[in-house]
Each structure stands twice: as structure tokens, then as C-alpha cells.
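Each remark here refers to the structure printed beneath this line.
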Amino acid sequence: MLRSFKNSCLFFNHKRCLLCQLKHKGKQRICKPCQQTLPWLKAQCLRCALPLRSENNLCPACLRKTPYFDRVYCGFTYSFPIDALIPPGKFNNRTDYLEAICELTIASVCISEKPDCLIPVPMHPRKILSREYNHAWILARKLSQTLDIPLRNDLLIKSMHTADQRDLNAVKRRQNLRNSFSCTKTPPLHVMLVDDVITTGTTANMISKILRQAGCKRVDIFALARTDKPSSK
Ligand SMILES: [Zn+2]
Ligand SMILES: [Zn+2]
């Protein structure tokens with residue numbers, strides 16, 4: 001009797017996998033069989049996480065010019081189905097998709113040294129009004145709750161409204177972002193910047209430079225996914 005009650009409770013505790021919609025017992029929102037089909041980021045640049053063919057290397061861009069950030073922690077390459085889940089997470093209120101990928105990313109990366117705080121990449125207030133939320137803040141909150149690291153959104157602001165970066169090349173991205181971010185207070189010595197996708201690395205590098213100029217000694221980046229476009233420092 002007790003056993004069947006327990007089993008029925010377990011049955012009701014099962015949740016549906018976000019990808020295959022089947023019920024499963026795992027803690028995460030994507031079931032184990034679906035997890036195995038995801039495009040996990042394997043061999044990657046030790047600094048910027050660009051996908052590489054061999055491990056324990058730096059990519060040509062990082063060898064040519066050291067970025068202002070120290071390390072990128074990233075779970076996936078930006079390919080199917082990750083590239084189909086992140087946009088609705090950012091633009092259509094499907095924050096459960098972002099949280100699902102974030103859970104898996106946290107479980108897959110080994111953050112060897114915890115930062116003093118997490119900083120979500122800020123959005124201009126006008127953009128937050130139109131989108132209703134900052135997706136980077138959703139990710140930083142998940143990371144903060146899971147790893148018990150303070151979240152600070154009072155250190156960095158986006159003071160200029162800029163055009164969407166998605167359709168711009170690296171040069172245009174740099175021009176677009178120049179002077180758009182600024183530090184409002186002295187940041188702690190070791191911070192981790194949180195964003196959804198690292199594309200060319202332009203945003204991450206520019207903000208890392210600003211944080212260093214404001215007094216940071218170490219800047220790490222946490223992102224869900226990395227495109228295979230080379231960095232553009
Ligand atoms: Zn599944
Ligand atoms: Zn690199």
C-alpha cells in the first residue's frame with residue numbers, strides 16, 4: 001500500500017522533457033537520452049572556448065592577441081537544438097529553455113575558482129522595456145542560486161542604446177559597442193560576466209576591458225553556447 005503510494009507520488013513527480021516531451025525522473029529539464037544528443041562543446045580554446053580540433057590549445061586569435069578576459073566557461077556549440085532553444089528563451093518568454101540549458105552548462109563546466117560576483121551583460125533600459133526581461137539576468141540568477149555566488153547588477157550599465165549585434169560583422173560590432181557600457185562602481189577583483197552566446201567575443205572582450213580598467217584583476221565569462229566564428233580581438 002505504502003509502496004504503491006510512493007510509486008504514484010514518484011510518477012506525479014516525473015516531469016516532461018523539454019525536447020522529447022516524455023516523462024523522466026532526472027533532476028534536469030532535459031532527459032538523459034536527449035542530453036546525449038546535444039552538441040556539447042568538447043575540444044576548445046583554453047581561453048575563449050572557440051571549438052577546436054585538438055585539446056589543450058589556444059586558438060590563433062588568442063595566440064595573436066590575448067583577450068581581456070581570462071577564461072570562458074561554456075557548455076555547448078551553437079548548433080541544433082541549442083540554436084533553436086535560445087532565441088525563444090531570449091525573445092518569447094521561454095525562460096524555461098534558458099534555465100534548462102543553463103542547468104546542463106553548470107553541471108558540465110568545472111569552475112575551478114569561484115568569482116567574487118556574477119555580472120549579467122546589461123541591457124539598455126529601453127530594450128528591457130520592449131523585451132520585458134534581460135535574459136542574461138535569468139542565467140546569472142540560476143548560476144547564483146546553484147553555486148552560491150552573489151549576483152551584482154549595480155556595477156555595470158549599458159548607457160547607450162545600440163543596434164542589434166546579430167547582423168553585424170566584427171568591425172561593425174566593435175563600432176556599435178564603443179562607449180556603450182560603463183562601470184558605475186569599483187568592481188571586486190574577480191568577476192564572472194554572464195551571457196547567452198559568445199559569437200565573435202567582441203562584447204565579452206569590450207566589457208572585460210572596461211572591468212579591468214575599473215580595477216578587476218580577473219574576468220571570467222560564463223555562456224551557454226559558443227559559435228565557431230573566430231574571435232576578433
Ligand atoms: Zn528527452
Ligand atoms: Zn581563443
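Fewest neighbouring Cβ atoms within 10 Å first, the residues ILE210, ILE86 line up as ILE210, ILE86. The local environment of ASN93, defined by Cβ-Cβ distances under 11 Å, has a net charge of +1 under the rule Lys, Arg +1 and Asp, Glu -1. Give me the net charge for the shell around GLU113: Cβ to Cβ below 13 angstrom, other residues only, Lys and Arg +1, Asp and Glu -1. Within the 13 Å Cβ shell, the charges total +1. By its C-alpha gyration tensor, with a ≥ b ≥ c as the square roots of the eigenvalues, how is the stretch 70-137 shaped: rounded for a/c under 1.5, else prolate for a/b larger than b/c, else oblate? Oblate. This model, with +1 at the C-beta of Lys and Arg and -1 at the C-beta of Asp and Glu, gives the stretch 16-101 a dipole about its Cα centre of some 180 debye.
From the alpha carbon centroid of the stretch 90-114 to that of the stretch 138-160 is 13 Å.
Ranked by the mean number of other Cβ atoms within 10 Å of their residues, highest first, the peptides 186-195, 19-28 come out as 186-195, 19-28.
Sorting THR66, THR77, THR227 by the number of Cβ atoms found within 10 Å of their own Cβ, with the fewest placed first, yields THR66, THR227, THR77.
Shape class for the stretch 16-155, computed from the alpha carbon gyration tensor (a ≥ b ≥ c): oblate, with a/c not under 1.5 and a/b at or below b/c. Each Lys and Arg adds +1 at its Cβ and each Asp and Glu adds -1 at its Cβ; summed about the Cα centre, the stretch 88-133 shows a dipole of about 340 debye. Counted by neighbouring Cβ atoms within 10 Å, the residues GLU103, GLU113 run from fewest to most as GLU113, GLU103.
Quick note: the coordinates plus some simple rules give every number you see, no bench work behind them. All figures in this text were calculated on a predicted structure; none of them were measured in a lab. Neighbour counts run over all protein chains shown; Cβ positions are idealised from the backbone, glycine included.
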